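I have placed the structure first, in the form of structure tokens, so that the comments after it can refer back to it.
Values in this text are rule-based calculations from the coordinates and carry no lab data. On a predicted model such as this, the values are computed, not experimentally measured, just so you know. Please note: Cβ atoms are built from the backbone with ideal geometry, for glycine as well, and neighbour counts cover all protein chains shown.
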């Protein structure tokens, strides 16, 4: 009974959330994880840092691949901008992973939040 209720809720929640809202939520989740790592840099383990960075990198890989695909109906200039942001995110992620400077996370966090806010504004 519980399993059926959970599955019904999951189906309803998937229908109720637009793709833009889902993307915005995932970007905010990634930003929150990175912000926590930044705020607790000295106390965070290498595995915790890596987990947050890998999550964000995977998310951006999916976003860039989806947005720049031939099937995407986004205008070419938007596709190019998303691809450029993705390249920056990937490079900045490598910089964070190879340095011991939590401030290098700031730009990634800010980009995630800005894109999420833009997606939410367009969804309304």
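A few remarks follow.
- Between residue 95 and residue 81, the simple label model (points 7 Å from Cα in the Cβ direction) yields a spacing of 2.1 nm.
- At 0.692 mPa s and 37 °C, Stokes diffusion of the chain via Kirkwood alpha-carbon radius, µm² per second: 208 µm²/s
- Residues in the range 94-119 reached by a label modelled at residue 50 [backbone nitrogen below 13 Å; 7 Å Cα→Cβ]: 97-98
- Label-to-label distance for residue 117 and residue 65 is 3.0 nm, based on points extended 7 Å past Cα in the beta-carbon direction.
- In the range 19-123, Cα pairs under 8 Å separated by at least six residues give a relative contact order of 48 percent.
- Cα→Cβ-extended label distance, 7 Å offset, between residue 22 and residue 43, nm: 3.5 nm
- 222 nm mean residue ellipticity, helices alone, for the chain (DSSP H n ≥ 4; -39,500 (n - 2.57); rounded to 500): -28000 deg cm²/dmol
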